[in-house]
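Engineer: A single structure is presented below for examination.
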């Protein structure tokens, strides 16, 4: 199948399995249940996928409405270099979905607890989308726990779309309920319509099922709403930008952004690079917000030397 960049694929034509194989569900990809505790979240059990036998370790943090599954094409490509440690964030994948506010600070404190529990202190962190935002905040809030950060096309500065969403959540009392109804109508089609690839032929029913699984449950949909309303709030983004202006970023940072992306404007990458003087930004011409899925080799050509320097 040959599609133009970002050309939509018909939902009815989705194959059962992805056209490119991966080891995410293999026995080599250990799926562990790890319990961590923080004052805000209390005791939370996270699903953590581990893969690889290299001498180094890499923490990978996924984005909104995805899960550890999004890193599936990095497993074989990095498994000889490092052990990948890939958690599902609360309310995503197979992790618990506690009914508490999902503030960025609370989430990075939870990630810090996971780092300590799993002995990952000083490991590099790769974050995609919202996970890149959280990875940067983790380094800023707990700098001794993080060796370096690679941010793959994250949000981080306020955009008009974010202002509109934030305003809707604040001013419309039914906004949460409306979102719940929209997602519940068909969680699988919701995921399919809101994940965009440079090459849409990479989509599959397997992927749709993985990402939609939490959204089938009331707890998962509430967590999704909290991520939109609280984790990615306009106030939080403004505080984040102000903190970057006040103090140098505490660890080495690489920004990798796609030149085209329907989800987070590439201009966000330029603004983040300006907020962290001296930080290098890499632009990918053929890849998306999820370059680790649709352009893994081009992404890793830049990522590997940085992550394992």
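The values are calculated or read from the model by the stated rules, or taken from the named source; none is laboratory data. For clarity, every value in this text was computed on a predicted model and none was experimentally measured. We place every Cβ from the backbone using ideal geometry, glycine too, and count neighbours over all the protein chains shown.
Engineer: Spot the failing condition for residue 205; the list is (1) surrounded by 18 or more Cβ atoms within 10 Å (Cβ to Cβ); (2) closer than 25 Å to residue 287 by Cβ; (3) more than 16 Å from the chain's Cα centre (by Cα), and only one is missed.
Structural biologist: (1)
Engineer: Might you let me know whether the stretch 172-191 holds any residue that is in contact (Cβ under 8 Å) with a residue 60 or more places away in the chain, part of a helix (DSSP H, G or I), touching a helix residue (DSSP H, G or I) at 6+ places or on another chain (Cβ under 8 Å) and surrounded by fewer than 18 Cβ atoms within 10 Å (Cβ to Cβ)?
Structural biologist: Keep residues of the stretch 172-191 that are in contact (Cβ under 8 Å) with a residue 60 or more places away in the chain, which gives 189, 191.
Within this subset, residues satisfying the condition of being part of a helix (DSSP H, G or I) are 189, 191.
Next cut, touching a helix residue (DSSP H, G or I) at 6+ places or on another chain (Cβ under 8 Å) only: 189, 191.
Subset that is surrounded by fewer than 18 Cβ atoms within 10 Å (Cβ to Cβ): 189.
Yes, the conditions are met somewhere in the stretch 172-191.
Engineer: For residue 242, all conditions in the list (1) touching a residue at least 12 places away in the same chain (Cβ under 8 Å); (2) part of a helix (DSSP H, G or I); (3) out of contact with any strand residue (DSSP E or B) (no Cβ under 6 Å at 6 or more places or on another chain) hold save one; what is the number of the exception?
Structural biologist: (1)
Engineer: Okay, next question. Tally time: how many residues in the stretch 117-134 are out of contact with any helix residue (DSSP H, G or I) (no Cβ under 8 Å at 6 or more places or on another chain) and not in a helix (DSSP H, G or I)? First the steps, then the outcome.
Structural biologist: Our first condition is that a residue be out of contact with any helix residue (DSSP H, G or I) (no Cβ under 8 Å at 6 or more places or on another chain); within the stretch 117-134, this holds for 117-119, 129, 131-132.
From what is left, the residues that are not in a helix (DSSP H, G or I) are 119, 129.
So the count comes out to 2.
Engineer: Looking only at the stretch 287-309, which residues are part of a loop (DSSP other than H, G, I, E, B) and either crowded, with 17+ Cβ neighbours inside 10 Å or touching a helix residue (DSSP H, G or I) at 6+ places or on another chain (Cβ under 7 Å) (or both)?
Structural biologist: Scanning the stretch 287-309 gives 287, 288, 289, 290, 295.
Engineer: Looking at the stretch 194-227 only, could you name the residues that are closer than 19 Å to residue 100 by Cα and either modelled with pLDDT under 95 or in a loop (DSSP other than H, G, I, E, B) (or both)?
Structural biologist: Of everything in the stretch 194-227, just one residue is closer than 19 Å to residue 100 by Cα and either modelled with pLDDT under 95 or in a loop (DSSP other than H, G, I, E, B) (or both), namely 217.
Engineer: Follow-up question, since we're still on this one. Under 8 Å between Cβ atoms, at least 6 apart or on separate chains: pull out the pairs that start in the stretch 2-17 with a residue that is farther than 16 Å from residue 295 by Cα and end on any residue that is part of a loop (DSSP other than H, G, I, E, B) and at pLDDT 95 or above.
Structural biologist: Within 8 Å, the pairs are 9/203; 14/203; 14/204; 15/204; 16/204; 17/204.
Engineer: Looking at the stretch 245-270 only, could you name the residues that are in contact with a helix residue (DSSP H, G or I) (Cβ under 8 Å, 6 or more places away or on another chain) and not in a loop (DSSP other than H, G, I, E, B)?
Structural biologist: Answer for the stretch 245-270, where residues must be in contact with a helix residue (DSSP H, G or I) (Cβ under 8 Å, 6 or more places away or on another chain) and not in a loop (DSSP other than H, G, I, E, B): 245, 253, 254, 255, 256, 257, 258.
Engineer: Here's another thing I want to ask about it. Inspect the stretch 180-196 for any residue being within 19 Å of residue 62 (Cα to Cα) and touching a strand residue (DSSP E or B) at 6+ places or on another chain (Cβ under 9 Å) and give the result as yes or no.
Structural biologist: No.
Engineer: In this structure, is residue 210 without any contact (Cβ under 8 Å) to a residue 40 or more places away in the chain and in contact with a helix residue (DSSP H, G or I) (Cβ under 8 Å, 6 or more places away or on another chain)? Working first, answer last.
Structural biologist: Numbers: without any contact (Cβ under 8 Å) to a residue 40 or more places away in the chain: no; in contact with a helix residue (DSSP H, G or I) (Cβ under 8 Å, 6 or more places away or on another chain): yes.
No.
Engineer: Among the numbered criteria (1) over 16 Å from the mean Cα position of the chain (by Cα); (2) surrounded by fewer than 21 Cβ atoms within 10 Å (Cβ to Cβ); (3) over 27 Å from residue 139 (Cα atoms), which single criterion is violated by residue 252?
Structural biologist: Condition not satisfied by residue 252: (3).
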